[in-house]
Amino acid sequence: MKVLIVDDEPLARERLQRLLQRVRPQAECRSADSAEAAQAVLQTFDAELLLLDVRMPGRGGLALAAELAEQQHPPAVIFCTAYDEYALDALRHQAVAYLLKPVREAELERALDQAGRINRAQVAALRDDANAGRSQVSSQGHRGLETLPVADIRCFLAEQKYVTAYAPQRELLLPDALKDLEQEFGERFLRVHRNALVALPYVRRLARDSDGWCVELDGIDQRPAVSRRHLAAVKERLLKR
């Protein structure tokens, strides 16, 4: 069996390689850190199976699967995902094999037994479900899987490599990039700064303080700053609510 692991996280790729060596020791394995890199590998490596991350910078796993499904003999696909239970329902409904991160050995072996060649109809349905957006965001930490309903979130604030979702009496550190959250929830959240998205239904007012403009939100003390670059667009969007 020839297997291609596609994941932008080095530790995730290494973990899958170790697990694969245990459950399928005869497998020939390659890896790639993006959909673009995977396409390059597939030019010379005739993979029979892809272990494919759903969400990656640039083109994600669903986009790559859609391209592969156009082939006459596409490889089998196992989706790897950190999606919450709501989004996993889409994968289950479409009857494709999936793995929830962090991947466990027994789950990998079961998915290998279930893996099949994904067809065009399955990919189209999965992309429609993904475009609908999640009902909650999730994070895997030392306390297990934690979730927060998107409807409760007042803002997303980015700091260094992390994004925090803020809700009344709760906050959650997320693995998502702010630009990905903006793309997914852009109808509900407004970009006010390079490091901030605010939930339009909870914007109390646009205020000015000693540091410049900021947004006051119902239910939380955080007051995300509004950059000069975004100020005109923010004012226009708030007037149209």
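Across the stretch 1-31, which residue is nearest to the chain's Cα centre (by Cα) among those that are over 15 Å from residue 79 (Cβ atoms) and among the small types (Gly, Ala, Ser)?
Taking the candidates together, the pick is 31.
Filter the stretch 179-196 down to residues that are crowded, with 19+ Cβ neighbours inside 10 Å and either over 17 Å from residue 135 (Cα atoms) or touching a helix residue (DSSP H, G or I) at 6+ places or on another chain (Cβ under 6 Å) (or both), then give me how many there are.
Counting residues in the stretch 179-196 that are crowded, with 19+ Cβ neighbours inside 10 Å and either over 17 Å from residue 135 (Cα atoms) or touching a helix residue (DSSP H, G or I) at 6+ places or on another chain (Cβ under 6 Å) (or both) gives 5.
Would you point out the residue of the stretch 74-91, among those that are modelled with pLDDT of 80 or more and more than 14 Å from the chain's Cα centre (by Cα), that is nearest to residue 14 (Cα to Cα)?
The extreme case among them is 78.
Which residues, taken from the stretch 184-205, are within 19 Å of residue 229 (Cα to Cα) and not in a strand (DSSP E or B)?
186, 194, 195, 200
Of these, 39, 21, 26, 17, which one is more than 18 Å from residue 105 (Cβ to Cβ) and without any contact (Cβ under 8 Å) to a residue 60 or more places away in the chain?
39
Is it true that some residue in the stretch 92-99 is at pLDDT 80 or above and buried (at least 19 other Cβ atoms within 10 Å of the Cβ)?
yes
What residue, among those in the stretch 150-161 that are over 10 Å from residue 222 (Cα atoms) and surrounded by 14 or more Cβ atoms within 10 Å (Cβ to Cβ), is modelled with the lowest pLDDT?
Filtering first and then ranking leaves 150.
For the stretch 158-194, how many residues meet the condition of being touching a Phe, Trp or Tyr at 6+ places or on another chain (Cβ under 9 Å) and closer than 23 Å to residue 232 by Cα?
6
List the residue pairs whose Cβ atoms are under 6 Å apart, where the first residue sits in the stretch 151-162 and is aliphatic (A, V, I, L, M), the second is surrounded by fewer than 19 Cβ atoms within 10 Å (Cβ to Cβ) and not in a loop (DSSP other than H, G, I, E, B), and the two are 6 or more positions apart or on different chains.
So the pair list comes out as 157/164.
The values are calculated or read from the model by the stated rules, or taken from the named source; none is laboratory data. Please read all numbers here as calculations on a predicted model, not as lab measurements. Ideal geometry is used to build each Cβ from the backbone, glycine not excepted, and the neighbour counts take in all protein chains shown.
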